[in-house]
Structures are given as C-alpha cells and as structure tokens.
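For reference, the structure is listed below as structure tokens.
The values are calculated or read from the model by the stated rules, or taken from the named source; none is laboratory data. What you see is a predicted model; the values in this text were computed from it and never measured. Cβ placement follows ideal geometry from the backbone for every residue including glycine, while neighbour counts extend to all protein chains displayed.
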Amino acid sequence: MKTHLSHQLPWDSLVKNYYRNYSEGLIFPICECKKMHIIKKSDEIKAGNRKYIKEEQICRDPSCKEIGEDVFYKNKNKIKWEMDTIDVEYSYYHKTYRTKMNIAHFVKEHSKAVNNFADDYLNKLKKIRTDKKFKLDAKYNKENIDNYLTQKTKEYNDCGSDSDYEYIYALTSSGDDNDIIFLLNEIDKYKKDNTKGLCLVNVVTEWGTQCFGRYANYIMDSMNRFYLTVNAIIASGNFNNRETWEKTGLRGGICVYGDFHSFVPNWIDEHFYKDKLENFNKDYNNELNINFFDCIKTEKLYDLLKKIFRYNYIWLALYKYADEKKLREYFRSIFLRIVDFGYIDDDFNEKDNVDFELTASSSSFC
Ligand SMILES: [Zn+2]
C-alpha cells in the first residue's frame, strides 16, 4: 500500500508527530546530512552523557546547514506510532516547536499541491468550454435539468438529507467533468444576475443541526480526517498493524446518519463494507470487537484517497472560479478544519508561520 501523492506530499513530516516516546529521547538540531548537528557546547555535553549516541550519528561541521530538530531515542523498540486523533497533536498542549515546523512543512506542500491541481483542473475545463465544437449534453438543458439533478442526487444518497444543496454535493463528487462545467455555467449566471444561477456562498454557509454545523465544513472535515489519518498510517509503515487502526480517532467518524452525512454516501457503499461499518459505529463499547480496518475495502482504498483529494481541488476550483468576495471569509474554514492548510497564503512561509493557529475550529466540532 502506498501513500497518495507520495512524490509530492511530505507524509513523513506528518507521521513524525505521532511517535509516542516510551523511551528516553533527546532533542538535537539536525543538519542537511540528516545527522544530529553538534556545534554548541551544551549539546556536546548532552550527547556525551549518553552512551547510546554513536559518533557516526553526529555531524560537527559548522558549515553544514541546520534544517530543524529531531528526537533521538535510547531504545527504539519502545517507540510506538500512535495516531489517536489528528486534533490532539495540533492542540496547543502538544505544539512543540518541532511539531509546528513539521506540520507547517506538510501544510505548505499540501496547500501547494491542492492549489496546483485546482488551477490545472480549472484551466482544463475552461479550455473544453471554449472549444466551438463543445456542447453540454441535452440532459443539462433547461427542460431536462431538474430530472437529471433528481437522478444524480438519488444516486448520490438514496437516504436523502436536509441540505437544500444535495445536488451540489452529488455533482462535485460524481467524477464527471461535464457536471462541473454545468456548475461553472451556473456560477456565470449568478455573476450576471444574482437572482439566478449558483451562489456558492449560500452553499457553504448552509447550517445543519448543532452537531453538523455548516454542512460543507462538516463533510470536508471528516473526509480530510480520513484522508490524512489513513495516509499517515500507511506512511508510518503500520498499515497492517491492527493495534494502530484500533487507536485511530476514526471511530464513528464515517456514517450517514442524521440530517447530513460525514462522507460522500455512495463512496461508503463502494469503498466500505457497509454492514460492518454500521455495526462498528453502533458498537460504542467495542463488544463486537470490530476493527475499523475490517470495514475498509482495502483493494479500493487508494482509489478512495484519490477521490477525496480530487473532491478538495474541485471545491477549490469552484471557489476560485466564483471569486466571490464573501467567499473569502468562509474560504479558510471549509478546508481548514483539521490543520490550517493555508490555501490563501500562497507565500506561506514555514518560519514565519510557526505560531499559526493550527487548530482551526475544534470548538465547532462536536
Ligand atoms: Zn551535517
């Protein structure tokens, strides 16, 4: 099993933050040659007292560039990788300088990747639209569109929800570029006449009951939690470690109950063993002893990770296209529920932003 976009996203920077130290660990600066960089007298004394630190782990070259800090442990067997919930590590209590740097690095690269994909995707669709030979299928015509949207919404979620914009969620997750072109056309209509077409602000500000908060935030949050956690598990080498899965904060995070849903509903059918997942979600005391890992169709997992990432950049592409002033207020929150992905800060600087609010909105999640 490989991580999603392993060549672009520095998953190791995220993974690093979840090693639980059941052994003595010392923090030292690290340099470009990936060794502990011992230049200062105080570090020399600290390292000298520890027999388990070997000379070949140390770089004493003052001209070698320091790139951060890392922890060096006495007994590597006592180090466990445990990712209970993503929030814990991003909360104030756990934000060490090192963690912040690691997260800032991941955030920056992730932000860059989603932005690039969104720009490329938008350009691709714009190009298709300007081709004289291109015409949307008749099902998108005025007289057919209601039927089409009803059908798409039903395919998306046969249980229904309380959202007035279920069709938007259906189209953004359908995988069909024509559905997105249709949405772009609707955004154009709104730009010309704000009594017509699609107003994205209305979609992302729609409130559900207390537990859901804003629907758009809610679904983005839970899917990104899944995306980040699963990728981190894979990157940490614990994919087949059932104990790791047991400890993840994903319990109860994926279900289709209440007035909205925490995941694209038809993706649940396709990518999970729904009966197991339902039992898992109901089994609060873990009496049935179901491991979350057993709820996932692992042969389709990579495909699901791709879909979630795509879902992110499609929404970002729509945001960019709509370019509504008011959207900027919500722009952050929709993507920033777990970590501050810094989507707006194109020049997001790792060093300057270490004091960034990394728990974007834990208070609005219940
Ligand atoms: Zn060095």
**Request:** Kindly indicate the residue of segment 45-79 that is surrounded by 13 or more Cβ atoms within 10 Å (Cβ to Cβ) and assigned to a helix (DSSP H, G or I) and also farthest from the ligand (Cβ to nearest atom) among those meeting that condition.
**Result:** K78
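Looking at segment 277-296, which of its residues are closer than 18 Å to I233 by Cβ and out of contact with any strand residue (DSSP E or B) (no Cβ under 8 Å at 6 or more places or on another chain)? Explain how you work it out, then say what you get.
Narrowing segment 277-296 to residues closer than 18 Å to I233 by Cβ: 277, 280, 290-296.
Once the filter is applied, which keeps residues that are closer than 18 Å to I233 by Cβ and out of contact with any strand residue (DSSP E or B) (no Cβ under 8 Å at 6 or more places or on another chain), segment 277-296 yields L277, F280, I290, N291, F292, F293, D294.
Which ones in segment 185-224 are among the acidic types (D, E) and surrounded by 15 or more Cβ atoms within 10 Å (Cβ to Cβ)?
From segment 185-224, those among the acidic types (D, E) are 186, 188, 193, 206, 221; that's our starting set.
Result: E186, D188, E206, D221.
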**Request:** Please enumerate the residues belonging to segment 190-212 that are aromatic (F, W, Y) and under 21 Å from the mean Cα position of the chain (by Cα).
**Result:** F212
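A quick yes/no check of all residues on (1) assigned by TED's automatic domain parsing to the domain that holds L171; (2) farther than 23 Å from D164 by Cα; (3) small (G, A, S):
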{"site": "N202", "(1), (2), (3)": "yes, no, no"}
{"site": "W207", "(1), (2), (3)": "yes, no, no"}
{"site": "G213", "(1), (2), (3)": "yes, no, yes"}
{"site": "N217", "(1), (2), (3)": "yes, no, no"}
{"site": "D221", "(1), (2), (3)": "yes, no, no"}
{"site": "F239", "(1), (2), (3)": "yes, yes, no"}
{"site": "T248", "(1), (2), (3)": "yes, yes, no"}
{"site": "I254", "(1), (2), (3)": "yes, no, no"}
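Can you tell which of E56, E24 is at pLDDT 85 or above and farther than 30 Å from A113 by Cβ? It would help to see each step written out before you state the result.
Working: E24 fails: at pLDDT 85 or above.
One residue alone meets the criteria, E56.
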**Request:** Name the single residue, out of those in segment 13-40 being among the aliphatic types (A, V, I, L, M), out of contact with any His (no Cβ under 7 Å at 6 or more places or on another chain) and within 16 Å of the ligand (Cβ to nearest atom), that is farthest from V71 (Cα to Cα).
**Result:** I39
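With respect to K282, determine if the residue is of a type in the set (D, E, K, R) and either surrounded by 19 or more Cβ atoms within 10 Å (Cβ to Cβ) or touching a residue at least 24 places away in the same chain (Cβ under 8 Å) (or both).
Working: of a type in the set (D, E, K, R): yes; either surrounded by 19 or more Cβ atoms within 10 Å (Cβ to Cβ) or touching a residue at least 24 places away in the same chain (Cβ under 8 Å) (or both): no.
Judged against the criteria, K282 is not a match.
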**Fill in**
For helices (runs of 4 or more DSSP H) lying entirely in segment 150-208, having 1 or more residues that are at pLDDT 95 or above picks out 166-172, 177-192
**Prompt:** Out of all the residues in segment 299-311, is one or more part of a loop (DSSP other than H, G, I, E, B) and out of contact with any Asp or Glu (no Cβ under 9 Å at 6 or more places or on another chain)?
**Reply:** no
**Prompt:** When you go through D12, D43 one by one, which is the residue that is acidic (D, E) and in the same structural domain as A104 (by TED's automatic domain parsing)?
**Reply:** D12
**Item:** Where L277 falls short, out of the listed (1) at pLDDT 95 or above; (2) of a type in the set (A, V, I, L, M, F, W, C); (3) in contact with a Cys (Cβ under 7 Å, 6 or more places away or on another chain)
**Value:** (1)
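Is it the case, given these coordinates, that N102 is modelled with pLDDT under 85, part of a helix (DSSP H, G or I) and farther than 19 Å from W11 by Cα?
Against the criterion (modelled with pLDDT under 85, part of a helix (DSSP H, G or I) and farther than 19 Å from W11 by Cα), N102 does not qualify.
Report yes if E89 is modelled with pLDDT under 90, crowded, with 16+ Cβ neighbours inside 10 Å and not in a strand (DSSP E or B), otherwise no. Full working, then the answer.
On the way: modelled with pLDDT under 90: yes; crowded, with 16+ Cβ neighbours inside 10 Å: yes; not in a strand (DSSP E or B): yes.
Yes.
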**Message:** Looking at segment 1-44 only, could you name the residues that are among the acidic types (D, E) and either touching a strand residue (DSSP E or B) at 6+ places or on another chain (Cβ under 8 Å) or buried (at least 17 other Cβ atoms within 10 Å of the Cβ) (or both)?
**Reply:** E24, E32, D43
